[in-house]
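Right, one structure below, let's go through it.
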Amino acid sequence: MSYPKRTAVLASAAALAGSAVLMAAPAAHAEVVDVNYQCKTPIGDKSAVSPIDIKGVKSGGGYKLTMSWQKGVSSSPVELGKGSMNPSATIKLGGADSGTMTVTGPANQEAIPANTPIKINDLSGTYTPKKTGKVTFTAGVLTIKALGTTTTCTPTNDPGPSLTLDVTAAGGGGAPQSGSESSGESGAELPQTGPEDSAIALGTLGGTVLLAGAAGALWLTRRNQTARVRR
């Protein structure tokens, strides 16, 4: 094979391999979405806008979701010492699934000065698909617990999804299993091998014995009659 032809063949093979990889990759779409939080704090209402990013990575039979805040939200009038602030949040499910899931994360690893925006560490959780199809993930309520108080921040601008995944539920989302609807509907009666067959076989055997007994009795009767005539 000439060099130009071999080069063309290799290029075509590489293109086909690349297409196969793209086709095998799970469909996903992610974008950073601005979320306008209105927070109920122990010292009154506060508001803040933070871009939210949600990423999903396949993990076993589900997906590990990680939710990230690019800006701080709310603040504290006093310093929050290391490990004194614990955040959690909900993610709203849409599309093929519904409801919410919870993501959590570690406490603050460094002290947070007073009257400064509270930077939330990345929060994560595992999502296990209940249905097959495209599922959307949208930022929900953020909860911050610190120094015995609770601050609740709720999105008010109806943000769009930060992530869309094309998922498959375990068992194909409740699809009927192969062969589950075909049992007993073929129209052909197959021989049974249970007690009924045994009863039928015994009945036939009993009938044979009965007929043989009747024939034997008839033969004996005729023989006796013949013997009497000869006498």
Inset, instruction - Quick one: in the stretch 132-149, of everything that is more than 32 Å from the chain's Cα centre (by Cα) and touching a residue at least 40 places away in the same chain (Cβ under 8 Å), which residue is least open to solvent (accessible area, probe 1.4 Å)? - result: ALA146
Inset, instruction - Considering only the stretch 42-61, state which residues are crowded, with 17+ Cβ neighbours inside 10 Å, closer than 13 Å to SER124 by Cα and among the small types (Gly, Ala, Ser). - result: GLY56
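Could you tell me whether ILE144 is aliphatic (A, V, I, L, M) and modelled with pLDDT under 90? Outline the logic, then answer.
On the way: aliphatic (A, V, I, L, M): yes; modelled with pLDDT under 90: no.
It is false that ILE144 is aliphatic (A, V, I, L, M) and modelled with pLDDT under 90.
For (1) among the aromatic types (Phe, Trp, Tyr); (2) in contact with an Asp or Glu (Cβ under 7 Å, 6 or more places away or on another chain); (3) in contact (Cβ under 8 Å) with a residue 24 or more places away in the chain, each residue gets a yes or a no:
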| position | (1), (2), (3) |
| --- | --- |
| GLU31 | no, no, yes |
| LYS40 | no, no, yes |
| ASP53 | no, no, yes |
| GLY60 | no, no, no |
| VAL78 | no, no, yes |
| SER88 | no, no, yes |
| GLY99 | no, no, no |
| GLY105 | no, yes, no |
| ASN108 | no, no, yes |
Legend entry - Single residue of ASN86, ASN108, ASN115 found to be open to solvent by less than 40 Å² (accessible area, probe 1.4 Å) and either touching a Gly at 6+ places or on another chain (Cβ under 6 Å) or under 19 Å from CYS39 (Cβ atoms) (or both): ASN108
Inset, instruction - Might you check whether a residue that is of a type in the set (Lys, Arg), open to solvent by 30 Å² or more (accessible area, probe 1.4 Å) and either over 25 Å from TYR63 (Cβ atoms) or assigned to a strand (DSSP E or B) (or both) occurs anywhere in the stretch 123-131? - result: no
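The values are calculated or read from the model by the stated rules, or taken from the named source; none is laboratory data. Given the structure is predicted, the values throughout are model-derived calculations rather than measurements. Virtual Cβ from ideal backbone geometry, glycine too; neighbours counted across all protein chains shown. Side chains included, ligands, DNA and RNA excluded: accessible areas come from the protein's heavy atoms. Shrake-Rupley method; radii C 1.70, N 1.55, O 1.52, S 1.80 Å.
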